[in-house]
Amino acid sequence: MKVSFNELQGIGRKAFIGIGFAEGDAIDAAEMVAWMEAHGLGGVEALKKGLRFLLAEDHNESPTLVYQDEDFSVLDAHNHSILGNASLAVELGYARARGRGLSVTKIRHCHNRILIIGYLSRLARRGMNVTAFWRNAHDPLTELVVGFKAGHPVPEICLYSLENTPDETEKNDGITLIMANHVDLLPSLRSEYELTNLMRQTEEDLEKQRDRALVEGMDVDDELWHNLKSLADRLLVEATDASRSGAGAGTSDND
Amino acid sequence: MATPLDAQPELQLRPADQVMNLVRLGSLHASRLSFCRSLVRQMAREDWTVTTVRFDLDADGHGVVIYRLSTPNHTYHGVVFSQHLDPELRSDRVIAEAWDVTFALLEGEVEESLLEQMAANVPLQEAGRQHPRLLVLSRANKSLRNFGHFVDALASGQQPDPAWLTRVGYLYRTTAVYGNGKFGIADYARLQNNPDFNRPFSAQMFAVYLLRHFSVQQVEHLARNRSPERAVALHPSLQRYLGIGNSTGLGMAPFLINHPQLIQQWVYCRERALAYAREQRPNEASRRELLALLHRAHRHFWETVTEDAEQTRRNEATVVSIDSVIEWLERTPATPNLWNDLLVWADKQCSLEAQELINTLLIELYPDLIDAVEDELGCEEILELQPEMRAATLKQDIEARFAWALDYDPKNPDHQYWFWYRSVEKEEPRLGVRACEPGSAKEMPLAIGPRIYRTHQLLDAFLDRSPRGSVVEFLMAHPRQKECVRRIQTMAATPYGEIQANLWHRDMKPMHLLRTKLSFFGASRFDPKSDRWVRVTLFQGAPLFCELFSDHGTDKARLAELDDWSFPVEPELNQP
């Protein structure tokens, strides 16, 4: 079915609260999904994949600070979706960069990582240069680099695969964020390894996608919509005769 | 973009604790900055034209009517579906499932395939899937008494009694006017670069205005069908005096609370306009102009009828207050401080509704500068965190800017008497008594005051442990405070935006919230049906489509004359 941006954001917000998210996290998560979908970055598909895990997570468990100094923070997200309260880990990096000029933040052990792009847009609009980097453990190995210029609401995105990279035993389930107050940090491909550029999306590409989504609406499959609606319905209160008078209106207006 | 009012750095704005007091907000009136007024000015200035491209109504007035709107920028169509409605189903509540008319405003052309899709979905309203080219989706029910009287009168060759429109100022009342992506229609973001409808709610207001035109055409059609030989057209004065009703309830409250930045813009624009007007040097002509406006408003409120005892008392108090204002203004010469003296005097002598009426009328006197702010009524809405801020600064901001929220007392049951929720019945917003009704665990978080109080308490304890801690460190300890903190940080930078009331409090009157929003829309004739349900009239007195066309001239004096329709009074007809 076709839905509008506001509709997807609205149902997402209610569904996330229905799951148990705090209001702020639900608002952020819904915006991340809708923002990604509107920009052609698969927000709905990512949510579809992650919803089963979201339902099983403890939403009161925040990312834990593993290490920090003035410039560098490492947080453990406990294998939770980035849609939960991982935004605070990002905000920690933002606060450090505001204070020190540049910060590096690593969020370990998280999934649904692609959706973080939707939140990073907020930081860029606040005037921060942001680069996010992570690896996917596909075969071949892929790396994704997202770069926002300060003040630009959409990024440039580069996804490429690497052949013949050295053996790596660390699980690829983290994100590294670099933020800088005053310096552009855009992705520029250069490597001594063999690269295959799988995707490169410019700001212009993403803005066109968004304009198209606003005109044509966005596709959401019926099953996901039904699931989100059921979760959102958890916020509704059963009707009684007393509650019907709680709206303050009569039932007939034949006057 | 700078506006003339920006060049007035010394403007003395009223303090937020006065302006954002809920009882005062609940006393506001439609003003020249209200969306209805603004839209009509735009239509006249830009020579918008509306033509009927299809009029397929049967002898009962049921069928389809399509209108084409041409602006200097685009073409739109309004499509109205009129159907028989079983009286048992006629309800203005959101839980209704059928209506007398359903209609939509859409961008571009109405191809046959789109019309078929609309015919299958628009009458279903929330239960349908709407096309993304629709800008507005709405429905309305008849005022049965007025409708019957109008058709009877016109069919018998007579004009309806104008007093009927003074009692109830419309033939149809809308029960919801949806925009911004609801049920698949176009997002508001799509209109932000469209000069026709980029102001808040302007597309919705146009759809309502178009329904007014339809209602006249439909009653005339029915009268002609009933009595082709004798039927007459509705007198132009009555067409003007005919508005469109709106029936609304608690759904207004979540919007007001969930859009604080938009509310800030609306109130800020109005307050700047007032501050500017207040500082102007009056002369004899402007004093006389204000007196003329006061006389018309006096008659408007004297004529206004409502069954609600409290609103009747308020209307009577307004009439008494206007009498004294007129008397005061008649004997006071146009000294340089006249406006300021008047407002100071009125604050002491007049009811709140009368005080705000005087403010509203004063704004009318200076259109050239004040109307420019109507382009600032919209804004980008995003509540942003400042995670690097010191937690101690946040606490100070709360104490300085949100002191009203700290009046909350969690031990006092009256301070948490109500809870707001959505019912499983079509998500209708309702209000429950916390102590005795089920559902408070699922309440909507609309009571901002108690939330700020809670954040302040947690900050206090956090600062004991971490006196130099930052906001992000506070939030990592209390992640559920994120939304409240970013709201505080965003809104603390603005003069208005937060309604300074505890929406849980036993003494809180939901009607004030409804009236706040409706006044910005441009509603008049407030007719409460309970403490949380109200009927109002929009566009009563507004010029007709046929009067707006530039064939009649677009000089400034004519446009000003067209714009002068606030606080309409009952017309006198010279019937043969």
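Derivation of every value follows stated rules applied to the coordinates shown; laboratory data play no part. In this text, all values refer to a predicted model and were calculated from it rather than measured experimentally. Here the Cβ positions follow ideal geometry from the backbone for every residue, glycine too, while neighbour counts run over all protein chains shown.
Remarks
- The translational diffusion coefficient of the range A:2-236, from Stokes-Einstein at 20 °C and 1.002 mPa s with a Kirkwood hydrodynamic radius over alpha carbon pairs, comes to 118 µm²/s.
- Taking a sphere under 14 Å around the Cβ of B:Val232 and counting the other residues whose Cβ falls inside, with K and R at +1 and D and E at -1, yields a net charge of 0.
- Surface/4 estimate of mean projected area, convex hull on alpha-carbon atoms of chain B, nm²: 28.3
- Mean-position separation - Cα centroids, the range B:247-267 and the range A:128-153, in angstrom: 38
- Percent of Cα pairs in the range B:455-576 per distance bin of 5 Å, from zero to the largest separation: 2, 7, 11, 10, 11, 11, 9, 9, 8, 6, 5, 5, 3, 2, 1, 0, 0, 0.
- Alpha-carbon centroid distance for the pair the range B:308-345 / the range B:396-475, whole angstrom: 39
- Entry for the protein assembly as shown at q = 0.07, 0.09, 0.10 Å⁻¹: log10 I(q)/I(0) = -0.58, -0.95, -1.15, Debye formula applied to identical alpha-carbon scatterers, no solvent contribution.
- Gain upon complete extension [B:Arg299, B:Glu279; 0.36 nm per residue less C-alpha separation]: 4.4 nm
- Among the residues of B:471-484, the average count of other protein chain beta-carbon atoms within 10 Å of the residue beta-carbon is 6.
- Pairs exceeding a 22 Å alpha-carbon distance, out of A:Lys229/B:Lys182; B:Lys182/B:Lys426; A:Lys14/A:Lys48; A:Lys208/A:Lys229; A:Lys2/A:Lys149; B:Lys482/B:Lys517: A:Lys208/A:Lys229; A:Lys2/A:Lys149; B:Lys482/B:Lys517.
- Remark: the range B:388-403, residue by residue, has Karplus-estimated 3J(HN,Hα) of 7, 4, 5, 4, 5, 5, 4, 4, 5, 4, 4, 5, 7, 10, 10, 4 Hz, where x stands for each Gly or Pro and the curve is 6.51 cos²θ - 1.76 cosθ + 1.60 at θ = phi - 60°.
- Backbone N atoms of the range B:43-57 closer than 16 Å to the 7 Å Cα→Cβ label point of B:Glu561 belong to residues B:44-45.
- Residue-averaged beta-carbon neighbours from other chains (10 angstrom radius) around A:78-86: 1
- Estimated FRET transfer efficiency when R0 is 30 angstrom, pair B:Asp341-B:Ser237 (beta carbons, to 0.05): 0.20
- The listed peptides B:363-371, B:11-19, B:204-212, ordered by packing as a protection proxy, come out as B:204-212, B:363-371, B:11-19 (highest mean of other Cβ atoms within 10 Å first).
- Here the label points at B:Cys436 and A:Arg200, each 7 Å from Cα along the C-beta direction, are separated by 7.1 nm in the simple model.
- FRET efficiency for B:Asp323 and B:Asn193, using Cβ-Cβ distance with R0 set to 45 Å, rounded to 0.05: 0.40
- Rounded, prolate or oblate (a/c below 1.5 giving rounded, otherwise prolate when a/b exceeds b/c) for the range B:288-436 by Cα gyration tensor: prolate
- Shielding of A:214-223 by partner chains, average beta-carbon count, 10 Å: 3
- Peptides A:210-221, A:122-133, B:50-61, B:528-539 ordered by average Cβ neighbours within 10 Å, highest first: B:528-539, A:122-133, A:210-221, B:50-61
- Sites B:Ser156 and B:Ser550, calculated FRET efficiency, Cβ-Cβ separation with R0 30 Å, nearest 0.05: 0.25
- Total formal charge among the other residues, if their Cβ is under 13 angstrom from that of A:Leu185, Lys/Arg +1 and Asp/Glu -1: -1
- A Cα-only calculation for the range B:89-192 places Rg and Dmax at 16.5, 49 Å.
- Residues of the range B:147-184 with amide N under 15 Å of a point placed 7 Å along Cα→Cβ from B:Glu572: B:162-163
- Centre separation in Å (Cα based) which lies between the range A:8-50 and the range B:22-59: 36
- Modelled label positions at B:Ser113 and B:Glu10, each set 7 Å beyond Cα in the direction of Cβ, lie 6.5 nm from each other.
- Listed peptides B:241-252, B:70-81, A:107-118 appear in the order B:241-252, A:107-118, B:70-81 once ranked by packing, highest mean of other Cβ atoms within 10 Å at the front.
- Taking only the C-alpha atoms of the range B:35-249, the Rg (one decimal) and the largest Cα-Cα distance, Dmax (whole number), read 16.8, 51 Å.
- Close amide H contacts of A:Leu83 (hydrogens built in the peptide plane, cut-off under 5 Å, sequence separation of 5 or more or a different chain): none are found.
- Model label zone, B:Ala120; criterion: amide N under 19 Å from point 7 Å along Cα-to-beta-carbon; scope the range A:217-234: A:217-223
- For the range B:280-297, 3J(HN,Hα) computed residue by residue from phi via the Karplus equation (6.51, -1.76, 1.60; θ = phi - 60°) reads 6, 7, x, 9, 4, 5, 6, 5, 5, 5, 5, 4, 4, 5, 5, 4, 5, 4 Hz, glycine and proline entered as x.
- Net +/- balance of residues flanking B:Ile322 in space, Cβ distance below 14 Å, scoring K and R +1, D and E -1: -4
- With bins 5 Å wide beginning at 0, the percent of Cα pairs of the range B:401-506 falling in each bin runs 2, 11, 19, 20, 18, 16, 9, 4, 1, 0.
- Modelled spin-label separation between B:Glu97 and A:Glu216, with each label point placed 7 Å from Cα along the Cα-to-Cβ direction: 3.5 nm.
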